[in-house]
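The structure under discussion appears below in the form of structure tokens.
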Amino acid sequence: MADPKGFLKYTRELPQKRAVEERIEDYKELYEEFAEEKTVQQASRCMDCGIPFCHNGCPLGNIIPEFNDAVYEEDWLTAYQILSSTNNFPEFTGRICPAPCEAACVLGINQPAVAIEQIEKSIAEVAFERGYIRPAPPSVRTGKKVAVIGSGPAGMAAAAQLNKAGHLVTVFERNDRIGGLLRYGIPDFKLEKWVIERRVAIMEAEGIKFRTNANVGVNIDTQHILNEFDAILLCGGSTIPRDLDIPGRDLKGVYFAMDFLEQSNRRVAGAHIPAAESIMATNKNVLVIGGGDTGADCVGTSNRHKAKSVTQIELLAKPPQERDQLTWPNWPMIMRTSTSHEEGCEREWSVLTKAFIGDENGNLKAVQLVEIEWAKDEKTGRYGFQEIAGTMEEIPCELALLAVGFLHPQHEGLLNQLGVTLDSRGNVYTSENSYQTNKPKVFAAGDMRRGQSLVVWAISEGREAARQVDEYLMGHSLLESKEKPMLSLEYVG
């Protein structure tokens, strides 16, 4: 185990953030370098507790105490071998995961939790620097061909695992670059895109084929894919956004958050955005509707655009500042402040958007809001809200961004053409304890199957689905699962 007194010697420490006035001038990642010896100290805080609830908190089942111990011993190769046995992309999750493992940390009951996410990122970066991560193509090919539709975190994880099993994998991405949500949904100040390019280059060297601008069901014939491949894995994500059906929704200046973020990511990558299509926050009063991570990304991007003001509103009530310890080890509903909020943002809770108000030219100029109060219905037991009389107001707003979640994957095109069954929420239905759809050779994973979720869940889904596909093709599988991670050196470069 790590230092048995480490949690008494050291408190939680994370890398320093660049100054606000500096970082809002660019889209570079926010954090300064963190010395290796500090990471070792942080790993020493792991208590090697009798029941490590961090395992359960992590959707991937990361073997956290063991890689913490390896870091404490400065055995970075072993640390990477342990981590990579459950997680294909620790360089992604170490940057953008909300770290439910830390919420489940036993030390977190009465002290700041172990800095698991930062340790994970450090393991990945040391592994790249020292050459532990390098192409490792399979020594034997099965001859089976698998099409992975979608190159987000679920699709990339599935492709990596299926290729490891020796199958011939082709990833189809309808966009112009690989990465899905990682590429165009997450701003560079949280995940610079060279991190994705570095991993994609390794996967290509291992034999995985990536096809961009390949929209199966539109410019790629669905029947051709069915005929050409032995199995198909759908990882297209949950892409249909939830809308607000209120007056003024069609005004110029009201956009879905993902349209705003994708365009900003393209602009940062050097793409030319025609002026007529440009969505910019510069010198505008920005209202972000929705209090989640996507909304926070809109806040940070608007600050970098030099917005006049940024306000973020949330329909739900303001969460408590401190965690109710009775919620441990589950994910707590507490007040969270992101780095984007630190850069400048007014935040309001229990606010309902009533209408968008335009000028004579059809441009958004204001938004009508009203305060609400939540109460439990004694008959149904359900919570509902009522508007508070006398709280209606109009605030100036030239750019409103809808960050209120996603409904389900796109049905038109591929899914309809395949004829896969959908569940009650409009997601792709798979049989119990399986990732297989009603079409035997077609599988589904990630947000397309489970609904809008976390990147770490997408990676987990991709890995588990890959094992199911491998079993379907071969009758058995040696790929890792969450229940049975493989600590073999066979697949380590």
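The values are calculated or read from the model by the stated rules, or taken from the named source; none is laboratory data. What you are looking at is a predicted structure, and each value in this text was computed from that prediction instead of being measured. We place every Cβ from the backbone using ideal geometry, glycine too, and count neighbours over all the protein chains shown.
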query: Restricting attention to region 69-112, which residues are aromatic (Phe, Trp, Tyr) and assigned to a helix (DSSP H, G or I)?
result: Tyr72, Trp76, Tyr80, Phe92
- request: Could you look through region 31-49, keep only residues that are at pLDDT 95 or above and among the aliphatic types (A, V, I, L, M), and pick out the one that is farthest from Ile119 (Cα to Cα)?
  value: Ala35
task: Count, please, the residues in region 423-434 that happen to be on the phi < 0 side of the Ramachandran plot and free of Cβ contacts under 8 Å to residues at least 60 places away in the same chain.
output: 8
message: Name the single residue that is surrounded by the fewest Cβ atoms within 10 Å (Cβ to Cβ) among those in region 231-270 being outside any loop (DSSP other than H, G, I, E, B) and of a type in the set (Asp, Glu).
response: Asp259
Condition broken by Phe443, with the remaining ones in (1) in the same structural domain as Val469 (by TED's automatic domain parsing); (2) touching a Gly at 6+ places or on another chain (Cβ under 6 Å); (3) assigned to a strand (DSSP E or B) satisfied: (2)
- request: Could you please tell me which pairs satisfy a Cβ distance under 7 Å, a separation of 6+ or placement on different chains, a first residue in region 404-422 that is in a strand (DSSP E or B), and a second residue that is hydroxyl-bearing (Ser, Thr, Tyr) and at pLDDT 95 or above?
  value: Phe406/Ser238; Phe406/Thr239; His408/Ser238; Leu422/Tyr429
- request: Tell me which residues, restricted to region 347-400, are crowded, with 18+ Cβ neighbours inside 10 Å, assigned to a loop (DSSP other than H, G, I, E, B) and hydrophobic (A, V, I, L, M, F, W, C).
  value: Cys397
statement: Restricting attention to region 330-373, the residues that are without any contact (Cβ under 8 Å) to a residue 40 or more places away in the chain and closer than 25 Å to Lys190 by Cα number exactly 7
statement: Those residues of region 167-221 which are closer than 23 Å to Ser302 by Cα and of a type in the set (Asp, Glu) amount to Asp188, Glu192
- request: Output the residues belonging to region 348-369 that are among the hydrophobic types (A, V, I, L, M, F, W, C) and either farther than 14 Å from Gly253 by Cβ or not assigned by TED's automatic domain parsing to the domain that holds Pro319 (or both).
  value: Trp349, Val351, Leu352, Leu369
Region 139-149 - residue that is surrounded by 16 or more Cβ atoms within 10 Å (Cβ to Cβ) and not charged (D, E, K, R) and, of those, nearest to Val216 (Cα to Cα): Ile149
- prompt: Out of curiosity, is Asn427 farther than 30 Å from Phe356 by Cα and in contact with a Gly (Cβ under 8 Å, 6 or more places away or on another chain)?
  reply: yes
message: So, in region 219-250, exactly how many residues are in contact with a strand residue (DSSP E or B) (Cβ under 8 Å, 6 or more places away or on another chain) and among the acidic types (Asp, Glu)?
response: 3
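Okay, residues lined up against (1) free of Cβ contacts under 8 Å to residues at least 60 places away in the same chain; (2) in the same structural domain as Ser302 (by TED's automatic domain parsing); (3) under 21 Å from Ala458 (Cβ atoms); (4) touching a Ser or Thr at 6+ places or on another chain (Cβ under 7 Å):
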position	(1), (2), (3), (4)
Ser122	no, no, no, yes
Ser139	yes, no, no, no
Asn163	yes, no, yes, no
Glu192	no, no, yes, no
Ile202	no, no, yes, no
message: For region 419-441, give me each residue that is crowded, with 23+ Cβ neighbours inside 10 Å and of a type outside the set (S, T, N, Q).
response: Val428, Tyr435
query: So how many residues does region 42-56 have that are under 27 Å from the mean Cα position of the chain (by Cα) and surrounded by fewer than 24 Cβ atoms within 10 Å (Cβ to Cβ)?
result: 4
- request: Enumerate the pairs (first residue in region 277-290 and farther than 10 Å from Ser309 by Cα; second residue anywhere and of a type in the set (Asp, Glu) and surrounded by 13 or more Cβ atoms within 10 Å (Cβ to Cβ)) with beta-carbon separation below 9 Å, excluding pairs fewer than 6 apart on the same chain, so at least 6 apart or on different chains.
  value: Ile279/Asp259; Ile289/Glu314; Gly290/Glu314
message: It is to be established whether one or more residues within region 322-342 are at pLDDT 95 or above, exposed (fewer than 13 other Cβ atoms within 10 Å of the Cβ) and either closer than 22 Å to Thr282 by Cβ or of a type in the set (A, V, I, L, M) (or both).
response: no
